[in-house]
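Worksheet: one structure, shown below.
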Amino acid sequence: MARFSDEDISKIRDATDSLNLIREYAPDLRPKGRDYWACCPFHKEKSPSFKVDPHTGWWHCFGACSDGGDIFNFVMKTQNVSFPEAVNILADRAGIEVAVGPRAAAEAGRRKRLLAICSDTANFYTTYLMRSPENDAAQARDYLSKRHLGSEVATKWKLGYAPGRGALVNHLRKKGHSPKDMIAANVAMDSRSGAGLKDRFFARLMFTICDAQGQAIAFGGRVLDNTDPKYINSSATPLFDKSRNLYGLDQAKKAMHSEKSVLVVEGYTDVIALHKSGYENSVATLGTALTAQHVKILSRTVNRIIYIFDGDEAGLRAADKAAEHIDKSLSADYSASPVNLDVVCLPQGLDPADLMDSKEGQAQFKQLLANAKPLIEFAIDRRLKHWDLQRPEERIKALNESVSVLAPLKGTILASDYANYIADALTRAGGDFTEAKVLEALEKVRAVPQSNLAPEYEGPLDHGGETPSEGAAASATRVSSLDKLPDLSPAELTERELLAFIIMVPAARDYLFAQQIDNPFSHPMYRAVFESLQHLIQAGARQENLVSKLDESVPGVAQLVVAYNFEGQDNGGNASVKETTDGLLFRLRESALERTIRIIRSDLQKGGEESKDHLQALVEASMELRDLRNRRYK
C-alpha cells in the first residue's frame, strides 16, 4: 500500500475546499450556525441530518446511515476507492504532486501514461464514429440509431468505432506514446508477421470501460454482423481487472448512493438503455459472472444488489453461480450492515435493452423488479425443482441438495428462517418435515468457503515498521472494521467514547499516557487501535494527520471520532480534560467489575468443588467495586 508523507497529506487537506467537494454530492448544503447542513447524499431523507464543519472539513450524518469522516473518507465512500486512491484523486484535483517512494513513483508514472493512452484511444474511437465519412462508421451510426442511441448517448458513454488497419497505432504514435505502453494498455499488439504493431480492435463498435472516477481504462468491442466472437474485451492490464471493474459504475455511483441499491446486468447496451429509462443505478459485468470482489465493492455503497439474468438456460446457470456469494454477511445477526442479494429472471428471449424499447416492456420490467426473489430463496427453489417431490425418496434428495445452499449460513437466524422455508415446501409436497429436521440435515453438510463479502480488518496495523502485540493483532483479525461493528453494549459504547476522546483531544491522550495505564480496552479492535495510536504518537505523528493514518489501517476510525463533539474540551483546561478522562475510565472499570461479579455468581449457582474459590473471588470483586465507587463519589 502506498505511504504518503504528512506534508503531502497536509497540503492536500489545506488545498481542498471541503464545502465545494461535498456540495458536488449534496447541492442543498446550507449554513446553520458555524456548520453547514444538507440532506445526506448517502441515503434518502426529507430533513437535513448531514453536517459539515467547514473549519476542519469533517462531516457526519446524524440520520439513518451514521457515516462520517474527513475529505479523504468522503472521496473513498462516494467513489468506491481505497485511501491511496482517494489521496491521488484529491491531489489531482488540487494540482499537487505526491511522493510515495521510488518504486511507487515509477508505478504511478506508468499508470499515468497508460491512462493517457486509454483516454486518447477513447477519443479517437468516438471521433471516428461521429465524424468519419467512411462506410464502416456510417454503418455503426445506423446500428446505434436503430437502438435509439443517438449522438448525445455516444458522447456521454464514450462510444466509438475501431476501423483497424493501423489507424489507432498511427494516431497514438503521433501523440508521442511508445509501442511498449500501447501493448501494456492492450490497445495494440505485435503483428505475427513481424511487421510491427497492429490495432488490438478492428471493425467493431467500441464501448469505453471507465473506472469509478470516469477515466478510460479498457474497451469492449462488438461486431455489427453475426460473426464470432460477438464481443471482445480488453485483456487484464495494470489498469483493468474484469473481476473487479464494472461497466457503468462511474455513471451509476451517484444513484447507487441515493437508492442504496444497484441493478447488475450482463451487457453494455443493457446498462445504457436502463440509464436512459431512469434506472441510473445500473452496472454490468465484463465478460464474467459477478465475483466476490464485485460484491464487496458494491456493498460499500449499497445494501441491495439485484441480479438481472436472461431467462434462457445460460442465464439460469449464471443465476445458479451467483449462489456462490451466499455467506454469513447476509444475516443481520452476523453483520451490522447485511447486503441483500436478489434475483430477477427475464422472460426468455428478452434482455433489459429489449424491454426498455416500449412502455409495455418498461412496465413489465418494473413489475419484475417488484417481484425480485432473494437469491437464497431462488437458489433453494431451483434445487427443489430438480426432483419429483411426490416421491419420498426424491424428497430426501431434494432436502440434502437444498440445505447445501444454507451451508455457509450455519448458526445464523437466516439459516433457521430458510430451514422453515424448506420444511414447508417439502411438507406441502406430502412429506413430514420440521425446521429441526432440516437443521439436522444442514449440520451434516460441509460448508463451502465463504466469499468474505464484509470488509474485514486485514492487519497487522501500520505502526511505522513495528507490529502490535501478538495477542492484540490476533484478536483484531477476527473482528470486522469499526464501521461494521454490531450494536454495542453500554460498556462498549463507553470504550468507543474514550477512544474517540483520546484520539481527538491531545491533552486527554497525554494525561492517559502519563498514568502509564495498561491498555484499558476490552474490545479487541479498540485494543488494536489504541496500540496503533501509541506507536503513531511515539513516531511523531501530527494531530491533523492522526485520524487519517489510523483510518488507513483500520477503516472506520474516522467515522467513530466524528460522531462525537469534543469542541472546547481543550479550552476548558487540564482539569476539565482530566475529569472527563477519569470519568470514562471509572465507567469502564465499574462495568468490568460488574461483569466479573455476574459471571462469578453464575458459577456459584452451579455449585461444585470450586465454590469456595468462587466465593472468595466474589468478595474481592465486590470490595473493589465498593472502593472504586467510594473514591469516585466521596
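General observations
- Two-site FRET efficiency, residue 386 against residue 44, from Cβ-Cβ distance with R₀ of 60 Å, rounded to 0.05: 0.90
- Chain lengthening between residue 244 and residue 578 when straightened (0.36 nm per residue, less Cα-Cα): 115.4 nm
- Residues listed by number, segment 17-53, amide nitrogen under 14 Å from residue 62 label point at 7 Å toward C-beta: 32-40, 47-53
- Distant-in-sequence amide contacts of residue 217, defined by a placed amide H-H separation under 5 Å and a gap of 5 or more residues or a different chain, comprise 209, 210, 211.
- Segment 249-291: trypsin sites (Lys or Arg not before Pro) in DSSP coil with no more than 14 other Cβ atoms inside 10 Å: none
- Straight-line cross-link reach from residue 296 at under 16 Å between alpha-carbon atoms covers these lysines, not counting any fewer than eight positions away in the same chain: 77, 242, 253, 260, 328, 484.
- Full-stretch length increase - residue 94, residue 513 - with 0.36 nm per residue and alpha-carbon distance subtracted: 147.1 nm
- With 0.36 nm allotted per residue and the present C-alpha distance subtracted, the residue 173-residue 537 stretch has 125.9 nm of extension available.
- Between residue 397 and residue 619, the simple spin-label model (points 7 angstrom out along Cα→Cβ) gives 7.0 nm.
- Projected label distance in nm at residue 317 and residue 369, using a 7 Å step from Cα toward the beta-carbon: 2.9
- Label positions at residue 626 and residue 223, each projected 7 Å from the Cα along the C-beta direction, are separated by 9.0 nm.
- From phi via Karplus (6.51, -1.76, 1.60), per-residue ³J(HN,Hα) for segment 314-323 in Hz, x at Gly/Pro: 5, x, 5, 5, 5, 5, 4, 5, 4, 5
- What the Cβ-Cβ distance of residue 106 and residue 215 gives, at R0 = 30 Å and to the nearest 0.05, is a FRET efficiency of 0.95.
- Sorting 502-515, 361-374 by average packing, meaning the other beta carbons within 10 Å per residue, from highest down gives 502-515, 361-374.
Throughout, read-outs are computed from the coordinates displayed, never taken from laboratory work. Since the model is a prediction, treat every value here as computed from it, not as a measurement. For neighbour counting, all protein chains shown are included, and Cβ atoms are generated from backbone atoms with ideal geometry for every residue, glycine included.
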